[in-house]
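Handing you this structure, nothing more for now.
The values are calculated or read from the model by the stated rules, or taken from the named source; none is laboratory data. These numbers were taken from a predicted model, which means no experiment stands behind them. Methodologically, a virtual Cβ is constructed for each residue, glycine included, from the backbone with ideal geometry; neighbour enumeration extends over all protein chains shown. Areas reflect the complete protein model, heavy atoms only, side chains present, ligands, DNA and RNA absent. Shrake-Rupley method; radii C 1.70, N 1.55, O 1.52, S 1.80 Å.
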Amino acid sequence: MQPAITVKNLSKTFRLPAERRGTLRERLMKVHRRNDKMPKRTLDNISFEIQQGEFFGIIGRNGSGKSTLLKILAGIYQPDKGSHIEIHGRIAPMLELGVGFNPELTGRENVYLSATILGLTRVEIDARYDEIIRFAELENFMELQVKHYSSGMAVRLAFAVAMQVDAPIMLLDEVLAVGDFVFQEKCFAYFEECKRKGKTLILVTHNPEAMMRFGDRALMIHESKVEIVGLPQEVLKVYQQAQKA
Amino acid sequence: MTTTFDKSYFLRLFLTLTWANFKMRYYGSILGYVWSLLKPLALFGVLYFVYSFVFKQTAPHYKLFLLLGIILWDFFTQATVAGMNGFIGNYQMIRKVYLPRIVLVMAAISGSFIGLFFNLIVFAIFAIFDGVDIHWRMLWFIPLLAALYLLVTGIGLVLSIIVVKVRDMLSVWDVFLQLGFWLTPIIYPMSMVPEKLRFLMFLNPIAGILTYSRYLLVGIGGLTKVGYCYVLGISLLVFLLGVAVFKWKEAEMVEDL
């Protein structure tokens, strides 16, 4: 069986100007001074493979490049030349919960908006609408604007919508960082279901529990490079040692 | 590694986002729409007063002439600004979801375009009261509307890219729009422009769209086939140019958001 994702020699360099000149006024005032661009390597020669049906965790300190990696896999950022990425199967387009939610629109409207972004058709959304609101436990709040929701309500709704995505490869960025204990348990139940269906799941998280319970393998990124790829326990050990250092 | 998006996904996204933009622009209510109509109508009221009573303008249907000009210009103003914000205004979505970003700009503009339709209904009511005869000629207005849409989309796409790098582009564009209001035949007819300068006027595609719309809907002024085709052609050209610029710079701008 071919791997779901093959990454070879992936690098990503952002070119950051030494000084931000975001406005025309600033540009005109400093037109005589040079503003050199400094290359910043966020990912340096990363290689790994993810098998189909695998639950793959990515950990690393803040700023290590893990979110950039996920964004490149999703297609949001373009990798540097010479990088090689092969993906078999459709990737769900969303990295985080509730993206595309508009606070001015009602819960109901946001369900349609968000689900459309995720690739569902109107007919599909109509058919699953009741299930979504039941899962989110928001039956009585769907005509309310999302700006009046509590953050917990918004997250529940976002999660209920995201669960409807039926892509074989899912990328999730820090979904466990939001929500309470009950919400985490719901996430875990969802992960179980994904595993049963044979989906490939790639999860960026700081949560060791999730990694140990579900992870088949994990990858740790440290200072833009792959530190270790292996079983979750091994990776977590290295990660925790690095934290102390 | 560029994945192409499936056409039906593109269309669904476009329609849903257009509807959401429209809804937000008009605060989801009839009254919201009335508020949005207030600005062009107030401008119309003042200008009509000044020109009819102070300058004693007595041209037939001057009221309609002015109203149509203001409605179309108001759309141009609103839609280009909406398009400019289509990219930076959705930065959260762009950084977290992989979707065809061009749709975000086009949907922002299309939301304003729906508003234009409602404004044109208001214009139609004025026209009926003012005794304009319905004529087959009026159907030729539809391609002009399409041209206006393409033109605005082309400009909006380019602006949406520029504003990422130059955040005060909005203020610069405001100045352009203000100058444009007076340099475009909105409150005065093209026929008042000296013959020698008319060619220059027509370099501004909005001038042509306004002038011909007035002829087709109100019956003031005239229309040449060459001019009509020129206006359609230039609008299409601006649109294609906008798409090309957007595609060229899109990936780079995503990282700069």
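Do you know which residues across the stretch A:178-199 are surrounded by 14 or more Cβ atoms within 10 Å (Cβ to Cβ) and either in contact with an Asp or Glu (Cβ under 6 Å, 6 or more places away or on another chain) or part of a helix (DSSP H, G or I) (or both)?
A:Phe183, A:Gln184, A:Lys186, A:Cys187, A:Phe188, A:Tyr190, A:Phe191, A:Cys194, A:Lys195, listed by residue number.
Residues of the stretch A:81-94 being under 20 Å from A:Ser11 (Cα atoms) and part of a strand (DSSP E or B), which ones?
A:His84, A:Ile85, A:Glu86, A:Ile87, listed by residue number.
While we're looking at this one, here's another question. Among the listed residues B:Val132, B:Val103, identify the single one that is part of a helix (DSSP H, G or I) and either in contact with a strand residue (DSSP E or B) (Cβ under 8 Å, 6 or more places away or on another chain) or open to solvent by less than 40 Å² (accessible area, probe 1.4 Å) (or both).
B:Val103
Let me ask you something else. Name, by its number, the condition in (1) modelled with pLDDT of 90 or more; (2) closer than 19 Å to B:Met138 by Cβ; (3) part of a loop (DSSP other than H, G, I, E, B) that does not hold for B:Pro185.
With (1) modelled with pLDDT of 90 or more; (2) closer than 19 Å to B:Met138 by Cβ; (3) part of a loop (DSSP other than H, G, I, E, B) applied to B:Pro185, the lone miss is (2).
Here's another thing I want to ask about it. Just to verify a result, which residue in the stretch B:63-104, among those that are without any contact (Cβ under 8 Å) to a residue 12 or more places away in the chain and not aliphatic (A, V, I, L, M), is nearest to the other protein chains (Cβ to nearest Cβ)?
Restricting to residues being without any contact (Cβ under 8 Å) to a residue 12 or more places away in the chain and not aliphatic (A, V, I, L, M), the top hit is B:Lys96.
Being open to solvent by 30 Å² or more (accessible area, probe 1.4 Å), in a loop (DSSP other than H, G, I, E, B) and of a type in the set (A, V, I, L, M, F, W, C) is true for just one of A:Leu28, A:Leu97, A:Leu16. Which residue is that?
It is A:Leu97.
Also, I was wondering about something else. Can you give me the number of residues within the stretch B:15-40 that are hydrophobic (A, V, I, L, M, F, W, C) and more than 10 Å from chain A (Cβ to nearest Cβ)?
The number of residues fulfilling the criteria is 7.
Does at least one position in the stretch A:90-99 carry a residue that is in contact with a strand residue (DSSP E or B) (Cβ under 9 Å, 6 or more places away or on another chain), modelled with pLDDT of 90 or more and facing chain B (nearest Cβ under 9 Å)?
no
Looking at (1) modelled with pLDDT of 90 or more; (2) within 12 Å of chain B (Cβ to nearest Cβ), find the lone condition where A:Ile58 falls short.
The number of the failed condition is (2).
Can you say whether B:Leu159 is over 18 Å from A:Thr23 (Cβ atoms) and surrounded by 22 or more Cβ atoms within 10 Å (Cβ to Cβ), as far as the supplied structure shows?
no
How many residues does the stretch B:164-201 contain that are open to solvent by 50 Å² or more (accessible area, probe 1.4 Å) and of a type outside the set (Val, Ile, Thr)?
19
Another question, if that's okay. Of all residues in the stretch B:69-97, how many are buried (at least 23 other Cβ atoms within 10 Å of the Cβ) and within 17 Å of B:Lys247 (Cβ to Cβ)?
Looking only at that region, the number is 3.
Can you pull out the residues in the stretch B:59-81 that are within 18 Å of B:Phe126 (Cβ to Cβ) and β-branched (Val, Ile, Thr)?
B:Ile70, B:Ile71
Of (1) assigned to a loop (DSSP other than H, G, I, E, B); (2) away from every other protein chain (no Cβ under 14 Å), B:Phe5 satisfies all except one. Which?
(2)
Against the condition open to solvent by less than 40 Å² (accessible area, probe 1.4 Å), on the phi < 0 side of the Ramachandran plot, within 14 Å of another protein chain (Cβ to nearest Cβ) and assigned to a helix (DSSP H, G or I), how does B:Leu145 come out, does it pass?
no
All but one of (1) farther than 18 Å from A:Leu203 by Cα; (2) facing chain B (nearest Cβ under 10 Å) hold for A:Lys40, so report the exception by its number.
So the condition that A:Lys40 fails would be (2).
The rows are residues; the columns are (1) among the hydroxyl-bearing types (Ser, Thr, Tyr); (2) touching a residue at least 12 places away in the same chain (Cβ under 8 Å); (3) not assigned by TED's automatic domain parsing to the domain that holds A:Ala4.
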| position | (1), (2), (3) |
| --- | --- |
| A:Asn140 | no, no, yes |
| A:Ala154 | no, yes, yes |
| A:Leu157 | no, yes, yes |
| A:Val182 | no, no, no |
| A:Val204 | no, yes, no |
| A:Pro208 | no, yes, no |
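Does at least one position in the stretch B:209-224 carry a residue that is β-branched (Val, Ile, Thr), assigned to a helix (DSSP H, G or I) and within 19 Å of the chain's Cα centre (by Cα)?
Yes, the stretch B:209-224 contains at least one residue that is β-branched (Val, Ile, Thr), assigned to a helix (DSSP H, G or I) and within 19 Å of the chain's Cα centre (by Cα).
Yes/no per residue for (1) out of contact with any strand residue (DSSP E or B) (no Cβ under 8 Å at 6 or more places or on another chain); (2) within 28 Å of A:Gly89 (Cβ to Cβ); (3) crowded, with 17+ Cβ neighbours inside 10 Å:
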{"residue": "A:Ala127", "(1), (2), (3)": "yes, yes, no"}
{"residue": "A:Glu131", "(1), (2), (3)": "yes, yes, no"}
{"residue": "A:Arg134", "(1), (2), (3)": "yes, no, no"}
{"residue": "A:Glu137", "(1), (2), (3)": "yes, no, no"}
{"residue": "A:Phe141", "(1), (2), (3)": "yes, no, yes"}
{"residue": "A:His148", "(1), (2), (3)": "yes, no, no"}
{"residue": "A:Leu157", "(1), (2), (3)": "yes, yes, yes"}
{"residue": "A:Asp166", "(1), (2), (3)": "yes, yes, no"}
